[in-house]
1. Take the alpha-carbon centre of segment 43-60, take the same for segment 65-100, and report the distance between them in whole Å.
2. If you take the Cα Rg of segment 16-102 and divide it by 2.2 N^0.38 Å, with N the number of residues, what do you get?
3. Among T19, T69, rank each residue by its count of other Cβ atoms within 10 Å, from fewest to most, as a rough exposure measure.
4. Kindly state, to the nearest 0.05, the FRET efficiency for Q73 paired with T49, given R0 = 22 Å and r defined as their beta-carbon distance.
5. Full extension from R34 to Q90: what is 0.36 nm times the residue separation minus their Cα-Cα distance, to one decimal in nm?
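Nothing in this text is a laboratory measurement; each read-out follows from the coordinates by a stated rule. Everything numeric here is computed off the predicted structure, so don't read it as measured data. With ideal geometry, Cβ positions are generated from the backbone for all residues, glycine too; neighbour counts draw on all protein chains shown.
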Amino acid sequence: MEATNTENPQEPHLRHVETDVLIPKMMREKAKERCSKQVEAFTQCCKETGFFMVFRCQDENAALKECLTAHYQDPTFYEECKQEYIKEKQEYEKTGIPMKNRKQKVPTSM
């Protein structure tokens, strides 16, 4: 998904790698969460059929692709992920702590 050329003056400038790599990566991760039923159905089918999954899991694969594609092509979903990315980026610039480290619990006693 490409970024729009009309920039909001309130938003920080995003680099090419952010708009074309990092935000779409966030979209893929969130889409997998939102399509968890389809992911689970496809995973279960693959486990049950083994080598023949290519032939026997076509319906589950098609449902998963349809769900994921719907999210990837949704401009509202892209904007939602972009805003979340900007928020995380600003928080990192403020604290110097990456998001994955901020989510960890801080010990109550040292």
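1. About 31 Å separates the Cα centre of segment 43-60 from the one of segment 65-100.
2. Normalised Rg, Cα atoms only: 1.38.
3. Result, fewest neighbours first: T69, T19.
4. On the way: r = 30 Å, r/R0 = 1.34.
That gives a FRET efficiency of 0.15.
5. Details: separation 56, 0.36 × 56 = 20.16 nm, distance 2.55 nm.
Full extension from R34 to Q90 adds 17.6 nm.
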